[in-house]
1. Taking the range 184-207 as the search range and keeping residues that are out of contact with any strand residue (DSSP E or B) (no Cβ under 8 Å at 6 or more places or on another chain) and in a helix (DSSP H, G or I), which one is surrounded by the fewest Cβ atoms within 10 Å (Cβ to Cβ)?
2. Only residues that are in contact with a helix residue (DSSP H, G or I) (Cβ under 8 Å, 6 or more places away or on another chain) and modelled with pLDDT under 95: list them for the range 158-207, please.
3. Quick one: which of 113, 135, 129 is out of contact with any strand residue (DSSP E or B) (no Cβ under 8 Å at 6 or more places or on another chain) and touching a residue at least 12 places away in the same chain (Cβ under 8 Å)?
4. Go through (1) in contact (Cβ under 8 Å) with a residue 60 or more places away in the chain; (2) closer than 26 Å to residue 111 by Cβ; (3) in contact with a strand residue (DSSP E or B) (Cβ under 8 Å, 6 or more places away or on another chain) and name the single condition residue 210 misses.
5. So which residues in the range 27-45 are farther than 23 Å from residue 91 by Cβ and either touching a residue at least 40 places away in the same chain (Cβ under 8 Å) or under 29 Å from the mean Cα position of the chain (by Cα) (or both)?
6. Output the number of residues of the range 226-260 satisfying the condition of being under 23 Å from the mean Cα position of the chain (by Cα) and not in a helix (DSSP H, G or I).
7. Confirm whether residue 78 is exposed (fewer than 12 other Cβ atoms within 10 Å of the Cβ), free of Cβ contacts under 8 Å to residues at least 12 places away in the same chain and within 23 Å of the chain's Cα centre (by Cα).
8. Which condition does residue 68 not pass, out of (1) within 22 Å of residue 353 (Cβ to Cβ); (2) surrounded by 13 or more Cβ atoms within 10 Å (Cβ to Cβ); (3) modelled with pLDDT under 95, if it passes all the others?
């Protein structure tokens with residue numbers, strides 16, 4: 001079945017299911033005072049419905065009631081921002097009653113956000129908040145319309161003289177430019193860190209990391225072309241947009257680039273080859289071909305003189321861990337300064353939110 005047909009069927013089923021659920025009749029997800037969560041789906045003709053939640057990654061059967069509503073109550077889900085989906089007779093689908101859906105190239109999960117006590121870094125808190133701006137622009141490098149989101153910190157609008165450092169923050173291969181905000185909660189993470197004095201106020205630029213569309217991992221030539229296209233757009237168009245619309249510092253020492261997974265690869269490759277533009281580089285579960293950063297490896301003294309921070313982190317259950325170990329070993333052997341963080345976790349957003357909360361306070365010091 002083609003992706004287009006699969007997406008059509010998913011959307012069609014979601015619409016039909018939503019239409020069969022009059023407003024106010026059922027709710028999903030419903031969060032109780034004891035932190036148990038009830039999920040519901042009205043699918044009268046379905047023979048089997050299961051729930052898969054990121055908190056335990058188990059397919060759990062739901063029960064069909066006389067009202068044709070499938071129901072499951074899950075007790076004691078840990079605090080966090082979790083993905084979940086339904087499987088209806090083998091077809092994976094989002095929760096049609098939940099407006100919070102993870103922005104993806106092929107959307108297939110809904111979001112359940114359970115705040116912590118005390119609040120986690122990514123939870124909404126009663127602190128001054130920044131602003132997230134949305135831009136559509138014509139990329140001269142690509143010749144097509146593109147999109148970007150920009151975060152400005154609390155106080156940006158009132159202090160019209162101050163210039164701010166800039167962080168370019170990139171998503172992974174399955175996601176979109178808005179995912180760091182909608183699902184990663186990067187804006188709240190920065191709001192909370194800035195309010196507590198742990199991070200310096202900064203502007204954050206998030207652009208679409210798929211200039212040539214989604215490219216399979218095994219398509220080496222297309223991946224290389226996509227990286228070069230992304231690099232050209234970032235350096236020619238996206239940074240120019242940020243500089244023309246916002247009070248960003250022009251200093252190299254006030255520029256950082258970081259990302260997760262594919263975004264970590266982009267950050268390592270572009271950052272290490274453009275130390276004239278970026279002094280701070282972060283890779284969250286990313287990986288890079290060492291040939292892509294050979295000039296920086298061959299000139300360790302020059303690289304170290306320009307780098308303020310090269311920060312690399314990966315989870316102990318991440319499928320890219322071996323490649324991270326290899327990169328770190330090469331950096332050490334070549335004498336390139338870096339910080340390495342091996343953490344619990346796998347290749348997932350609960351890990352990457354932690355990384356941003358740890359990485360951002362290190363920047364622009």
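The values are calculated or read from the model by the stated rules, or taken from the named source; none is laboratory data. Remember, predicted model here, so these are calculated numbers, not experimental data. For neighbour counting, all protein chains shown are included, and Cβ atoms are generated from backbone atoms with ideal geometry for every residue, glycine included.
1. The extreme case among them is 195.
2. 173
3. Working: 113 fails: out of contact with any strand residue (DSSP E or B) (no Cβ under 8 Å at 6 or more places or on another chain); 135 fails: out of contact with any strand residue (DSSP E or B) (no Cβ under 8 Å at 6 or more places or on another chain).
Result: 129 is the single residue among 113, 135, 129 that is out of contact with any strand residue (DSSP E or B) (no Cβ under 8 Å at 6 or more places or on another chain) and touching a residue at least 12 places away in the same chain (Cβ under 8 Å).
4. (3)
5. Just the residues of the range 27-45 that are farther than 23 Å from residue 91 by Cβ, to begin with: 30-36.
Of everything in the range 27-45, those that are farther than 23 Å from residue 91 by Cβ and either touching a residue at least 40 places away in the same chain (Cβ under 8 Å) or under 29 Å from the mean Cα position of the chain (by Cα) (or both) turn out to be 30, 31, 32, 34, 35, 36.
6. Going through the range 226-260 one residue at a time, the tally reaches 8.
7. Working: exposed (fewer than 12 other Cβ atoms within 10 Å of the Cβ): yes; free of Cβ contacts under 8 Å to residues at least 12 places away in the same chain: no; within 23 Å of the chain's Cα centre (by Cα): yes.
Considered against the rule, which asks whether it is exposed (fewer than 12 other Cβ atoms within 10 Å of the Cβ), free of Cβ contacts under 8 Å to residues at least 12 places away in the same chain and within 23 Å of the chain's Cα centre (by Cα), residue 78 comes out as no.
8. (1)
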